[in-house]
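Engineer: Before I ask anything, here is the structure I am working with.
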């Protein structure tokens, strides 16, 4: 039964807010007052990344990557940028996330 549920939700199990709070206690934003970015490579509905950003404060830009189009749409309501793809298919390039194009797939 557990495998059926896991397949139905594509492996998504939201991180409880109290766990996110504990994780945020271990983090600190970069020194200074400039913009910093938070990337959640498996963002689900974006709640955890949004909570971490709010907890740490400062000028933050939140990015997420989510495989499920439905969850990515929800995450897009609380995060600044969301890409609907697998986390393995993106890389950070400067100030943006870019799709990875395998050499065999390039035109």
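The values are calculated or read from the model by the stated rules, or taken from the named source; none is laboratory data. Model, not experiment: these values are computed from the prediction. Virtual Cβ from ideal backbone geometry, glycine too; neighbours counted across all protein chains shown.
Engineer: Collect the residues in the range 46-77 that are assigned to a loop (DSSP other than H, G, I, E, B), at pLDDT 95 or above and out of contact with any strand residue (DSSP E or B) (no Cβ under 7 Å at 6 or more places or on another chain), keeping them in residue-number order.
Structural biologist: Scanning the range 46-77 gives a single hit, 77.
Engineer: Another question, if that's okay. Restricting attention to the range 26-45, report how many residues are in a loop (DSSP other than H, G, I, E, B) and in contact with a helix residue (DSSP H, G or I) (Cβ under 8 Å, 6 or more places away or on another chain).
Structural biologist: Summing the residues that are in a loop (DSSP other than H, G, I, E, B) and in contact with a helix residue (DSSP H, G or I) (Cβ under 8 Å, 6 or more places away or on another chain) in the range 26-45 gives 8.
Listed here are the residues, each with its yes/no results for (1) crowded, with 17+ Cβ neighbours inside 10 Å; (2) under 20 Å from residue 27 (Cα atoms).
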| residue | (1), (2) |
| --- | --- |
| 38 | yes, yes |
| 47 | yes, yes |
| 53 | yes, yes |
| 57 | no, yes |
| 67 | yes, no |
| 70 | no, no |
| 83 | yes, no |
| 88 | no, no |
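Engineer: Which condition does residue 23 not pass, out of (1) assigned to a helix (DSSP H, G or I); (2) crowded, with 19+ Cβ neighbours inside 10 Å, if it passes all the others?
Structural biologist: (2)
Engineer: The conditions are (1) at pLDDT 90 or above; (2) within 25 Å of residue 89 (Cβ to Cβ); (3) over 15 Å from the mean Cα position of the chain (by Cα), and residue 19 fails exactly one of them. Which is it?
Structural biologist: Looking at each condition in turn, residue 19 falls short on (2).
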